[in-house]
Every structure is written in C-alpha cells, then in structure tokens.
Amino acid sequence: DWFALESLDLQGHGRFAGGLIVDYAHKPLVIYDAMGNEVVSPIKDHLQLHLGLAVNLWGRLRLSAGLPIALVADGTSGSARGFVFTAKDSAALGDVRLGADLRLVGNYGDVFTLALGALVHVPTGDRDAYTSDGKPRIMPRLMMAGDILDFTYAAMVGMDGRLLQENFGGRPFGTEVTFGAAAGFRFADRALLIGPEVYGSTVVTDDAVCKKLSTPTEVILGAHYRAGQAWMLGLGGGAGL
C-alpha cells in the first residue's frame, strides 16, 4: 500500500507476488561551493528500475528479493575537497536485496499490526556508478501498520548496518538508524489509498547523529489503486527535506 513503508500484508500460504517500480530522481548528487551555490551535478537525471518478488508462508512469514537497475544516470563530472566525482552514462546493476519479515501481532487491516524483519544487501552493484558502496549491509527493522475505519497508517524504525565505517566526499557514511512514517485515507470502496510518506536515516557511528549533512530525509505524496485482487497501481512524487 506504500512506496517506502510496509502495510504488512502477510496473508496466505504459498502466496506469490511480483512488483515493478520505476523511479526518477533529479540531481540526487550535486557539488556546491563554499557559499552554497551549485557548481556541477555528477548525477543530474537518474532513472531506476526495481524488480521484486515475494512469497508469504503460513500467513505469518514473508521472504522477498529485489534488484534495482540504474537505466539512465547522466551528469557532469566534478571535484570537491580533493575527491573526484565522475559522471556515468551507462546502465548499472544495484545491490541485490534479500528480505524476511515475520508478523508478530495482528493481521492486515486490523487497528494494529506489528512485524519484525531484516534486509540483506549483497554488493552486486557498481561503486563507480553510485549503485553500491561495495560492502554487504544488514538492515533489521521493526514495522507497524493498521487501519482505523478508512484511515490507514504505517511506521518503521531500523538499523542500516555497514560492516566498516565509510566516507563519501569526506563525510561520515557508516551505520545508520532508519525511520519512516505514513498516513492516508482509503476511498472508492477502499480501493484507492492517498497519503504522504516521510522516511530517512541518520549516521550513528560517530558524532554526526542528526546533523544536517548526515541525515537525509525525503517525503512522497502517493496514490495506490487496487484493481481487483491481482493488481496494484501506484504513482507518487516528492522531494528531499
């Protein structure tokens, strides 16, 4: 029911699902001068495809796998603080993502549902193309969701564990706490869901916790329409906060 959050629909046994998401980002990587003026954008237009598969087991456990593919990533190379950021214009694979989620309390559609899960990022992507940091990552997470009449919500808190401390452009880029929240209303006999999602992370492996340069946060306003029992169509857009 969401783009960044989970609705915790773990119903059924042997129930398979597949997903295809296309997302576009404008200037996700920009170099600024000391006055805050934009100098150059090593990634100006970024078009990415996400392929996903999942299976629910015993109405409680979900196993999943996902693969992001960067289709378009154009821009202009530049440097900052002695680091060179080279623009890439070719397609590149991202990191394979393997997941497992276990429903602890409640069912899909209840006032409160709680689940515990984890994602593992396998470093199959290309670091030079900005689709991987070249190291495995483990992401445990605690998720909740629920429906109160036609109002629906979801929330998540987790940890993005990098096995080694990293820097990107001279900034700390290590283990992060991840977080997110979503809320919306269902319309058209509950087939249409419209609402915002806010999600982000903050580095916690040094003194950068909740500092502006190490706490990226984004918002999406999205709509999802359930066409029968087999199809879900969604469209959303947003910006970095």
Asp133 fails exactly one of the following numbered conditions: (1) touching a Gly at 6+ places or on another chain (Cβ under 8 Å); (2) open to solvent by less than 50 Å² (accessible area, probe 1.4 Å); (3) of a type in the set (D, E, K, R). What is the number of that condition? (1)
Tally the residues that are among the acidic types (Asp, Glu), farther than 10 Å from Ala115 by Cα and buried (at least 20 other Cβ atoms within 10 Å of the Cβ), restricting the search to region 1-15. 1
Odd one out for Lys135 among (1) within 21 Å of Asp45 (Cβ to Cβ); (2) not in a strand (DSSP E or B): (1)
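Table: residues versus (1) closer than 30 Å to Asp147 by Cα; (2) touching a Cys at 6+ places or on another chain (Cβ under 7 Å); (3) modelled with pLDDT of 90 or more.
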{"site": "Ala4", "(1), (2), (3)": "yes, no, yes"}
{"site": "Val22", "(1), (2), (3)": "yes, no, yes"}
{"site": "His26", "(1), (2), (3)": "no, no, yes"}
{"site": "Leu29", "(1), (2), (3)": "no, no, no"}
{"site": "Tyr32", "(1), (2), (3)": "no, no, no"}
{"site": "Leu47", "(1), (2), (3)": "no, no, yes"}
Tell me which residues, restricted to region 27-50, are touching a Lys or Arg at 6+ places or on another chain (Cβ under 7 Å) and open to solvent by 50 Å² or more (accessible area, probe 1.4 Å). Lys27, Lys44
Tally, over region 78-113, of residues that are surrounded by fewer than 18 Cβ atoms within 10 Å (Cβ to Cβ), modelled with pLDDT under 95 and outside any loop (DSSP other than H, G, I, E, B): 6
Looking only at region 16-26, how many residues end up being under 19 Å from the mean Cα position of the chain (by Cα) and surrounded by fewer than 13 Cβ atoms within 10 Å (Cβ to Cβ)? 5
Residue within region 46-65 that is part of a strand (DSSP E or B) and in contact (Cβ under 8 Å) with a residue 60 or more places away in the chain present: no
I need every pair where a residue in region 220-240 that is closer than 16 Å to Val22 by Cα and assigned to a strand (DSSP E or B) has its Cβ under 7 Å from the Cβ of a residue that is β-branched (Val, Ile, Thr) and open to solvent by 50 Å² or more (accessible area, probe 1.4 Å), sequence separation at least 6 or different chains. Ala223/Ile194
Considering residues of region 59-77 that are out of contact with any Gly (no Cβ under 9 Å at 6 or more places or on another chain) and of a type in the set (A, V, I, L, M, F, W, C) only, the residue modelled with the highest pLDDT: Leu61
For residues that are touching a Lys or Arg at 6+ places or on another chain (Cβ under 9 Å) and part of a loop (DSSP other than H, G, I, E, B), scanning just region 114-130, find the one that is modelled with the highest pLDDT. Pro123
Within region 173-192, considering residues that are surrounded by 14 or more Cβ atoms within 10 Å (Cβ to Cβ), among the hydrophobic types (A, V, I, L, M, F, W, C) and part of a strand (DSSP E or B), the one nearest to the chain's Cα centre (by Cα): Phe179
Filtering region 31-45 down to residues that are in a strand (DSSP E or B), of a type outside the set (D, E, K, R) and over 20 Å from Ala91 (Cα atoms) yields Ile31, Tyr32, Val39, Val40
Sort out which residues of region 137-161 are without any contact (Cβ under 8 Å) to a residue 40 or more places away in the chain, in contact with a Ser or Thr (Cβ under 8 Å, 6 or more places away or on another chain) and open to solvent by less than 30 Å² (accessible area, probe 1.4 Å), and write them in order of number. Gly158, Gly161
In region 92-139, what count of residues is obtained for those that are farther than 19 Å from Gly174 by Cβ and in contact with a helix residue (DSSP H, G or I) (Cβ under 7 Å, 6 or more places away or on another chain)? 1
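The values are calculated or read from the model by the stated rules, or taken from the named source; none is laboratory data. Every value quoted in this text rests on a predicted model; they were computed, and no experiment measured them. Glycine gets a Cβ as well: all are built from the backbone with ideal geometry, and neighbour counts include every protein chain shown. The protein model used for the area step is the full one, side chains on, heavy atoms only, and it has no ligands, DNA or RNA in it. Shrake-Rupley method; radii C 1.70, N 1.55, O 1.52, S 1.80 Å.
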